[in-house]
């Protein structure tokens, strides 16, 4: 490893308590999307204390912020997240499901690690720019609402990412890899119906049931499913059924819809049909309704050049080693997880990569996947959505996955919460910070590689970015 990158790795090791403390504090105070006030305040103060210029309230979102250092180009964005999930409260380091607070929130997606690992990368990049007197700028972005709110997409509507030369991020996972390919775009809309209450036996003719409207809308969407392409998904949740008294005609009811397709353009077309069904349900029941846009995300634009550089640095940095105690803990939690003999993105779409993953994971018997999957480039589609996609339409972007969870742990699970507050989680976030920092240094020092990445990005985005966020929409916490 070249000296500047060795220095970055050593810098993160010397200052690791900063990042693990941030991770632990956010793990201990899980906040839901767009309500991450404690986390945002903590990050903003830590950034200020270490010489970053902080801006708050980005894109009109109270918990969105940035911390920048340096001057001139290249300008790199490092993306951090910090929102939790409802109903996933869990004791740290426990090998069984033990909620700390019944029904409470928890970091089931590991965003306590995600943000702090990204912070480690930003600090190491700042140290590199300072000590080498290299021209360039690093900006740490606090991106709220990934689990529901699409903070990065609202920021993209303000064209925030276009000033970057490239963006880096990571995500805790069950495996170490540099994922490729693309995914679903998604849009969420809330439909709230209003009718007229009446006694369901004495004068039902005077009632206009909002719940009937919701049910008819759902029925209409079921028939729509036959006429969608295979990349599409439509999900819904009845958020208000109008009450619990069957002898009252419900005068209010609401349903939240999520519409997905691979391309944003197709999600918008599908949403237009869902909107028509919503209108039809109101006509059939003589009710009215309010339509509220919630959020939306675009599909990811892969960048093979950045994937190659990130993977090279992943291999150079090397992987964490685990103590016997950590391995014993992981083995106990692993027993509670479904089998995953061929982990990783590539194994889902390529037979040879699936065989390689099976070999490395010993058919899924390892408690922690302590290996790096081979580099694999793809433009193929895989279901799922992330607002990192919106960033990738405005600047070349790469994301890495680092094993911060035990092998086979389900997404959004108590197992992930247990791991994310443990020493295994600490090792993952420090690993991510090192790999991202070294990747950035390579791009600062090799402008021809960065130019190649940007040329690739220009070709993939030549049709132009379609922002999924409606013009007058405001971020809403749901």
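Please list, ordered by residue number, the helices (runs of 4 or more DSSP H) wholly in the stretch 412-478 having 2 or more residues that are in the same structural domain as residue 61 (by TED's automatic domain parsing) and buried (at least 24 other Cβ atoms within 10 Å of the Cβ).
Answer list for the stretch 412-478: 414-420, 423-445.
So the check is Cβ under 9 Å with 6+ separation or different chains; which pairs have a first residue in the stretch 248-270 that's without any contact (Cβ under 8 Å) to a residue 40 or more places away in the chain and a second one that's crowded, with 19+ Cβ neighbours inside 10 Å?
269/261
Residue pairs, Cβ under 6 Å, 6 or more apart or interchain, first in the stretch 106-120 and at positive phi, second in a strand (DSSP E or B) and at pLDDT 95 or above. List them.
That search, which allows pairs on different chains as well, returns 110/172.
What single numbered condition from (1) part of a helix (DSSP H, G or I); (2) assigned by TED's automatic domain parsing to the domain that holds residue 149; (3) surrounded by fewer than 17 Cβ atoms within 10 Å (Cβ to Cβ) fails to hold for residue 283?
Against the list (1) part of a helix (DSSP H, G or I); (2) assigned by TED's automatic domain parsing to the domain that holds residue 149; (3) surrounded by fewer than 17 Cβ atoms within 10 Å (Cβ to Cβ), residue 283 comes up short only on (2).
With respect to residue 152, is the statement that it is assigned by TED's automatic domain parsing to the domain that holds residue 89, part of a helix (DSSP H, G or I) and farther than 13 Å from residue 52 by Cβ true?
So residue 152 fits the description; yes.
Take the residues of the stretch 237-251 that are surrounded by fewer than 17 Cβ atoms within 10 Å (Cβ to Cβ) and in contact with a helix residue (DSSP H, G or I) (Cβ under 9 Å, 6 or more places away or on another chain): which is nearest to residue 198 (Cα to Cα)?
Among those that are surrounded by fewer than 17 Cβ atoms within 10 Å (Cβ to Cβ) and in contact with a helix residue (DSSP H, G or I) (Cβ under 9 Å, 6 or more places away or on another chain), it is 243.
Report yes if residue 270 is part of a helix (DSSP H, G or I) and more than 30 Å from the chain's Cα centre (by Cα), otherwise no.
no
Considering only residues that are surrounded by fewer than 23 Cβ atoms within 10 Å (Cβ to Cβ) and out of contact with any helix residue (DSSP H, G or I) (no Cβ under 6 Å at 6 or more places or on another chain), which ones fall in the stretch 147-163?
Result: 147, 148, 157, 159, 160, 162, 163.
I'd like to verify a number: residues in the stretch 303-350 that are free of Cβ contacts under 8 Å to residues at least 40 places away in the same chain, more than 25 Å from residue 422 (Cβ to Cβ) and either surrounded by fewer than 17 Cβ atoms within 10 Å (Cβ to Cβ) or not assigned by TED's automatic domain parsing to the domain that holds residue 383 (or both), how many?
The total comes to 2.
A quick yes/no check of all residues on (1) touching a helix residue (DSSP H, G or I) at 6+ places or on another chain (Cβ under 6 Å); (2) more than 21 Å from residue 172 (Cβ to Cβ); (3) not in a loop (DSSP other than H, G, I, E, B):
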{"position": "302", "(1), (2), (3)": "no, no, no"}
{"position": "307", "(1), (2), (3)": "no, no, yes"}
{"position": "312", "(1), (2), (3)": "no, yes, yes"}
{"position": "321", "(1), (2), (3)": "no, no, no"}
{"position": "325", "(1), (2), (3)": "no, no, yes"}
{"position": "331", "(1), (2), (3)": "no, no, yes"}
{"position": "343", "(1), (2), (3)": "yes, no, no"}
{"position": "355", "(1), (2), (3)": "no, yes, yes"}
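Of the residues 400, 368, which is modelled with pLDDT of 95 or more, outside any loop (DSSP other than H, G, I, E, B) and surrounded by 23 or more Cβ atoms within 10 Å (Cβ to Cβ)?
The unique qualifying residue is 400.
Residues that are touching a strand residue (DSSP E or B) at 6+ places or on another chain (Cβ under 9 Å), closer than 28 Å to residue 311 by Cβ and modelled with pLDDT of 95 or more: which helices (runs of 4 or more DSSP H) entirely in the stretch 1-61 hold 3 or more of them?
Here the list is empty.
Looking for something under 26 Å from the mean Cα position of the chain (by Cα) and either over 22 Å from residue 467 (Cβ atoms) or assigned to a strand (DSSP E or B) (or both) - is there at least one such residue anywhere in the stretch 239-255?
Within the stretch 239-255, one or more residues are under 26 Å from the mean Cα position of the chain (by Cα) and either over 22 Å from residue 467 (Cβ atoms) or assigned to a strand (DSSP E or B) (or both).
Would you mention how many residues in the stretch 186-206 are touching a strand residue (DSSP E or B) at 6+ places or on another chain (Cβ under 8 Å) and either modelled with pLDDT under 95 or farther than 20 Å from residue 295 by Cα (or both)?
8
The values are calculated or read from the model by the stated rules, or taken from the named source; none is laboratory data. On a predicted model such as this, the values are computed, not experimentally measured, just so you know. So basically every Cβ, Gly included, is an ideal-geometry build from the backbone, and we count neighbours across all protein chains shown.
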